[in-house]
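Reviewing the structure listed below.
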Amino acid sequence: MRTVTMMLIAATWLVVGCAGDDATPEPVGGPMSAVVQLPDPEYDGDLSLEATISARRSVREWGPEAVTLDELGQLLWAAQGITAEWGGRSAPSAGGTYPLEMYALASKVDGLEPGVYRYRPHDHQLVPTIDGDRRDDLAEVSLGQASVGTAPLNLVVTAVPERTAEQYGGRAERYVAMEAGHVAQNVALQAVSLGLGSVPIGAFTDDEAARLLDLSDGEVVLYILPIGPPVSR
Ligand SMILES: Cc1cc2nc3c(=O)[nH]c(=O)nc-3n(C[C@H](O)[C@H](O)[C@H](O)COP(=O)(O)O)c2cc1C
């Protein structure tokens, strides 16, 4: 009996689908109308995992160089990229409910119009959602933090908690926050491995951040991750 119960509990942790991509909005019109195919990620960086962990520090000032499209693709792959044929991703997810979404606020990314883009993990693509450089607005909703307002790239982690709540009820809020932590650490380590820096930003006004990204009801901003070349590079 105990074994059967354990198996049932374990079964609820199996993948239940590939939540996320279905909700991806249509691209905006104008110069940003095209979906952007990201370059394939690399799977064998030069730095050891231990050296990468040792080198990670929060970075808040950026050098003048742009982030490349290769680097952006690599960072998004580290955040939520597909790493298994069944749809498993780079970061774990409670019951495979995948409540998280990734947005890129590109301000200075080579080969990319400044704007807001939503990541589509299954196609490794970006869907443009809002045009123009929005980092000043993002800094404003982040209590004026200069690390946000000056970064060539800000990644934003959002969540649709209901995807997880359908399966786990009141535990979902905790699970979703845990998942955002996994993602933020993956991004921070991937940034180091690329020779970039980042800082996790938790201080922002929730409603204003959601409005800025034009999120639907039920989608919330969890983390802002400014990324760029460290000033000492
Ligand atoms: C949940 C969380 C929220 C944070 N929010 C901010 C923030 O809003 N602004 C900021 O500059 N740093 C923020 N940080 C970064 C911390 O200040 C930083 O991690 C800490 O000073 C330790 O330094 P280290 O990251 O270099 O190890 C945050 C870190 C965490 C984990």
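Just so it is clear, none of the values below were taken in a lab; they were calculated from the coordinates. None of the values given here were measured: they were computed from a predicted structure. Backbone-built Cβ (ideal geometry, glycine too); neighbour counts: all protein chains shown.
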Across region 141-146, in residue order, what do the Karplus-derived ³J(HN,Hα) couplings come to in whole Hz, using 6.51 cos²θ - 1.76 cosθ + 1.60 with θ = phi - 60° and x for Gly and Pro? 6, 9, 6, x, 5, 5
Note: probe point = Cα of A177 + 7 Å toward Cβ; backbone nitrogen < 16 Å; residues of region 209-233 passing the test are 220-224
Within region 68-163, GluC sites (Glu not before Pro) in DSSP loop having at most 16 other beta-carbon neighbours inside 10 Å: E85
I'd like to know which of L222, L72, A106 lies farthest towards the positive end of the charge dipole of region 2-228, counting +1 on Cβ of Lys and Arg and -1 on Cβ of Asp and Glu. L222
With +1 on the Cβ of every Lys and Arg and -1 on the Cβ of every Asp and Glu, the dipole magnitude of region 46-155 about its Cα centre, in debye rounded to the nearest 20, is 340
Modelled label-to-label distance, S54 and E166, 7 Å Cα→beta-carbon offset: nm? 4.6
Env charge @ P99, Cβ radius under 9 Å, K,R +1 / D,E -1, value -2
Among Y119, V36, P200, whose Cα projects farthest towards the positive end of the dipole of region 2-228, with charges put on the beta-carbon of Lys, Arg (+1) and Asp, Glu (-1)? P200
Average Cα contact separation per residue, region 2-228, under 8 Å, 6 or more apart, as relative contact order %: 25
With charges set only on the Cβ (+1 for Lys and Arg, -1 for Asp and Glu), what does the dipole of region 2-228 come to about its Cα centre, in debye to the nearest 20? 780
Residue-ordered couplings for region 157-168, obtained by feeding phi - 60° into the Karplus form 6.51 cos²θ - 1.76 cosθ + 1.60 and rounding to whole Hz (Gly and Pro as x), are 9, 10, 9, 10, x, 4, 4, 8, 5, 4, 9, 10
If you take every DSSP beta bridge whose two residues both sit in region 2-228, what share of them, in percent to the nearest 5, is antiparallel? 95
